[in-house]
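Notes follow the structure.
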């Protein structure tokens, strides 16, 4: 004979909900490992992919110095980006996409590369605000 007591309606739904929630959490954990990280900050025009950017950029600040509109700033928080690396803070000063691209031409490290097609902006990716 079975030693388990039959479940009442409340116990049944409580158990079913817990099993579904557990499965959803496990699925979410697995899915997070598959999704590539999205850049949450804006980099200057011509910025290469973020992990390569962090390897190449020496935080020399040449791009910051030559920006005529003072749009590029050095990161001051590890939460944003590696400290000292160039970022754009769009709500303070938006990039004007200068035709002569002084920020790109000043980059000797290869972290900022020329933008060939002027109709395509390669400032970077961001999460929806």
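Since every read-out is calculated from the coordinates, none of them should be taken as a lab result. None of these values were measured; they are calculated from a predicted model. Because the Cβ atoms are built from the backbone with ideal geometry, glycine has one as well, and the counts that use them run over all protein chains shown.
Worth a mention:
- Here r is the Cβ-Cβ distance between residue 89 and residue 19 and R0 is 41 Å; the resulting FRET efficiency, rounded to 0.05, is 0.35.
- Sorting 63, 98, 57 by the number of Cβ atoms found within 10 Å of their own Cβ, with the fewest placed first, yields 98, 57, 63.
- Burial ordering of 17, 53, fewest other beta-carbon atoms within 10 Å first: 17, 53
- Exposure proxy ranking, count of Cβ atoms within 10 Å, fewest first, for 106, 51: 51, 106
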